[in-house]
Amino acid sequence: MPGAELPLVSIIVRSMARPELGLALDALLAQDYPFLDIVVVDATGGHHPPLDVVPRQAGHRLRLIPGTRQLPRAQAANAGIEAMEGELFGFLDDDDTVDTDHISGLVAAAAEHPDALCVYGRSRIVEPDGTVSSTHGLPLNRAIMYAGPLFHWLAALFRRQVLTLGCRFDERLKVSEDRDFIAQVASHGQLQFVDLCSFNYRPDIGTSGTGRGANRHSLRLTLDNALLQAKWAGDGVYHLARAGLFTRRAFASFQRGDRAGAKRGFEALLTEYPDDPNALNALARLALDGGALDEAARRAKRACEINPGAADYQLTLAYVEARRGSPDTARAAASVAMRSPAHRKAAAQLIAQLPPATVVDQAPPPPAATTPAENPTPPSLPDELHAAVAAMQRGEANTARELINRLQPEDLEPEACFVVASIYDELGDEQRWLDFLGRAPGNDPRVVRFAHASATRAHRPVRNASIAARVRAMLETFATRAQGDGPGRDTLHFVATFENIGGSERRATELWHRLSPHMTCHLWSAGSTPVNAAWKSFPICPIDPDRGLVPRGGTLVLLGTYIDASAWLDSTPFNRVIVAHNTDLPDELLRILVLVAENPSRPHVELTFPSALFRRWCDLEGLGRIEYPMVDTQRFAPRTDVTPPTPRLTLGRHGRDDRMKFHPNDPAFFRKLSAMGHTVRILGGTPLKPSFANDGDGAPTLLPTGSLPAEDFLASLDCFVYRHHPQLYETSGAAIMEAMAMALPVVVFDDRCGVTELIEHGRNGFLVGNEDEALDAIERLAADPALRRDIGLAARKTIIDLMATQDQALLSAYAGHLRGIAA
C-alpha cells in the first residue's frame, strides 16, 4: 500500500492485444514511482491472452480487466475508471511508451499544485526511425483547447476528484473522447502545465485514425470533432471571441502609433491566454522593429511551432532570420509563407533579396504525399444514382429519394457513396446520410469539408444548448452589474446592415417610424457596402469608427447578431443594449455579448426573439421578449379590385433570392400545381430557374427580389404557399405575415418556421406536413371561394390584432420607462 505521503497511481491501458502492448507494459513496470496500479482493459471481446509479465517492484500491481465484447476507446476508458483504485490516475495506449520517471515527475507536480484537477507535460513525437521530430504540449489556453488538442491526454494525471464531479468519457465519440474528457475537467477547475517531457507518441502506428499515414482517417476525425465542438461551443466561442477582442485592441494601439501600448496589449493577451500564437507573432514583429532580434526569433519560432502552417507566422520568422544573418532558415520559412496567396508576393520579394542558398550534400527529399484531386474523374455510378442526380437537378427531390433508397452502402464504390450522402444531406435525412458517408473516401478533402458542414448542422441542438448555457450565465452577470447611467437616456439607435432588402432592415425602419414621435431615434448602417437604394428615403448614417461616426449613449438596438460591431461596441458607452436575435446564428449572438461584457459603461442588456418557437429552438426559453416582425397593415391590405373567383388559383410566395428559402422538391411541387391548372408566381424565385430550364412555357413565373413591391405582388395571388429548405430554420416568417395581412389564405409546411405558432389550422390558415396535405388544402380552397374569403379574413384579423397588441408593448418596452407610457 502507498506510504503516508505518496498516493496510489492508477494507469489504465486499453488493449487490443497488439504486439506493441509488451513495450507499453515494460515502460510502466520500469517506473521509478513505487505505488503503481496498472489496469489493462480487455477491449478484444474476451480474446485477450493472459498477461505474461511480472511486476518488478513490490508496490507495482498489474491486472487484466476481462471483457465479453469489443470496447471502443471511450467505453474501455470508462471501464478502466470503474476498476481503478488510485487517488491519481492516467492512461496509456498499448502502442505508446513513457520514460521511467514519467509517473514520479507528474506526482511531484501534483503535490506542488494541490488545487489543480490535472497536471500534464509535453510529449515527444517519435518518427518510425526512432528520431524525435518535435514536442507537443501547451499551457492551458482556453481559446485554443476547443479548436485542437493542447496536450496528449496520456501525458497527464487526473485527480480522483474529477469523477465525483461527474467527468466520464462520452461513449458517442469514437475518437476525440480524450479532448472531451479534458474539457469536462477544465470546466470544473484548473489544468496545470509542467515542464516535463516524458511521454513518447508514435503517430504512425495505431488504428484510431488520428495520427499520420496509415493511421489517418480524416473523415472519422471530422465527424467526431463536429460533436466535440458542438458540446463545447459555448466555452469555445466565448474564449475565442475574447482573445480576438484583445488582439484587435492591441492592434488598434499599433495603428495609432502607440507601440508601447500595443506591446502591453499583446502581453496582456498572453497572460490571459498563454502561448496565443497571434500575440506571439505580433510581439515578434514589434521586437523586430525595435531591433530586439533574439526576442523576435524566440517569439516567432514559438508561434510557428504551435501552428507551422500559418503563413503569417512563417513570414515573420523569415524576416527575423534574414535580419539575424540566417538566410537558409529565412528562405525555408518564406517558402512556407509562399503557399498563401495573401503572403506570396512579400515572401517572394524576401527570397529574392537573400544570398544564394548554401549547397550541402543531402539525400533527396521524400516524394510529397498525394491527396485526392479536388475535381476527380466522375465516378462510375449505378443507373439509379445517375437518374437520382438528374432528378435533383430538375428539382424532383422525392423521385431522387425513391431511387437512392434502393441502394445500400456496401454495394457502392466510395465515390458513389459520397454522391448518395450528398443527396441525403440535401434532403435533410441525417441517418441515411451518415450511413453512406461512413463509406466515402476517408481522406478526400471534398468529403472532409462536406462532412464538417453536414455534421455541424446535425449537431445543432447540442451546439444551441452549449451556447445557451454561456448566454444565460452572461446575462445573469450583466443583470447584477448593470449601471445604466449616462447621457442620452431618451435616445434610440437602430443598427442594421441596410445593404439588402431584408427583414432586419424593414424592422429597423418600422421601429424608427413608430418610436421617433416619442424619442430621439437614429438609423445606422453597419454594412460594408453602400446603403441599398430601397432605403434612400430614410435618414441612415453609415457607421465609420475612424471618423467617430458610431452610435453613442442611450439605447442601442442591434437588429441582427451578424452585425460587425467589433470596432466600437466594446468601448462606446450605452445605457442599454437590446440585441434582436433574429437569425439562426447562435455563435454570433455570443460574440456580440462578449463585446458588451467588455464595455466599461456596463449597460443593461436585453434580448428579443422573432417567435417563441425560435427562442425554444435556441434553448433560451424564458429569456427576452418575443417581438414578431412588424407588418404595416395599411400597406399590406386586401385588394379592392377583386375579380370573380374561379377554381383556377394563382399561387406563390415572395422572399429573398436565396436557394435556402426553397425545398429541393419545390420545382416538382410547382409542376403539380401547374398540371392541375393553377398558376404559380414566385417573387425572389430566381434560384429555381436552372430547375425549369427545359420546362418551356409550363414553367412558373420567377421574378427577382425587388422587381415588384411586395404588396403589389401579393395582390396578384389567391393563395400563399411556403416551404423552405430542410437545412434552414425560419426564425419568424415576415413574408407569411404580410400575406396574412393581405387576407390571403396561407398554406405553410409546418417544419421549423416560427410564425406557424400564429396559425390555427383550418381557421386562419393551413399547416401541412407533406405535399399531399398541401394539395388537399389547395383543392379545398380552389373549390370553395367562401372558404378562401373566411380563411383570409381570419388571417388578416390575426395580424391586425397582433400588431395592435405589439405596438403598445413596443412603446412600453422601448420608451415607456422614460415617458411614462402605460403598458
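Residues with beta-carbon under 11 Å from that of residue 56, excluding residue 56: net charge, scoring Lys, Arg +1 and Asp, Glu -1?
So the environment of residue 56 carries a net charge of -2.
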Evaluated over the range 191-272, the Cα radius of gyration and Dmax, each in Å: 19.2, 53
Beta bridges by DSSP in the chain, antiparallel share as percent, to the nearest 5: 15
Mean Cβ count within 10 Å, highest first, over the residues of peptides 558-566, 212-220: 558-566, 212-220
Accessible-area value, residue 650, 1.4 Å probe, nucleic acids and ligands omitted, Å²: 30
Neighbour cut-off at most 16 other Cβ (10 Å), DSSP loop, GluC sites (Glu not before Pro), the range 560-611: 598
DSSP-assigned coil residues among GluC sites (Glu not before Pro) in the range 729-823, each with at most 14 further Cβ atoms within 10 Å: 760
For residue 119, residues with placed amide H under 5 Å, excluding near neighbours: 157, 192
Per residue solvent-accessible surface (Å²) - the chain, probe of 1.4 Å: 44
Cα-based Rg and Dmax for the chain, where Dmax is the largest Cα-Cα distance (Å): 31.3, 99
For the range 117-176, convex hull volume per residue from C-alpha positions, Å³: 122
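Once the Cα gyration tensor of the range 402-513 is found, what semi-axes does its equivalent ellipsoid get, as square roots of 5 times the eigenvalues, in whole Å, sorted largest first?
They are 47, 20, 12 Å, listed largest first.
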Size descriptor, Kirkwood hydrodynamic radius, that averages inverse alpha-carbon separations across the range 24-129, Å: 15.2
The range 76-157: relative contact order in percent, alpha carbon pairs under 8 Å with at least 6 residues between: 33
Unit Cα scatterers, Debye sum, the range 644-767: log10 I(q)/I(0) for q = 0.11, 0.14, 0.20 Å⁻¹: -0.34, -0.56, -1.22
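Less than 10 Å Cβ to Cβ from residue 382, Lys/Arg counted +1 and Asp/Glu -1: what total charge do the surrounding residues give? Walk me through the numbers on the way to the answer.
Values: positive: 406; negative: 383, 384, 411, 413.
Residues close to residue 382 contribute a combined charge of -3.
Relative contact order for the range 1-124: what is it in percent, counting Cα pairs under 8 Å that are at least 6 residues apart? If you can, show how the numbers build up before the last one.
Details: 224 pairs, mean separation 44.5, N = 124.
The normalised contact order for the range 1-124 reaches 36 percent.
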Three semi-axes of the equivalent ellipsoid, the range 479-637, Cα gyration tensor, whole Å, largest first: 22, 20, 16
Loop trypsin sites (Lys or Arg not before Pro), the range 478-585, which have at most 16 other Cβ atoms in a 10 Å radius of their Cβ (DSSP): 489, 536
Where the Cα pairs of the range 179-226 fall when distances are cut into 5 Å bins, in %: 5, 17, 14, 17, 21, 18, 8, 0
Sulfur and carbon atoms: percent of accessible area, the range 459-618 [1.4 Å]: 52
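The values are calculated or read from the model by the stated rules, or taken from the named source; none is laboratory data. No experiment lies behind these values; they were computed from the predicted model shown. All Cβ positions, glycine included, derive from the backbone under ideal geometry; neighbour counts span all protein chains shown. These area figures cover heavy atoms from the full protein model, side chains too; ligands, DNA and RNA do not enter into them. Shrake-Rupley method; radii C 1.70, N 1.55, O 1.52, S 1.80 Å.
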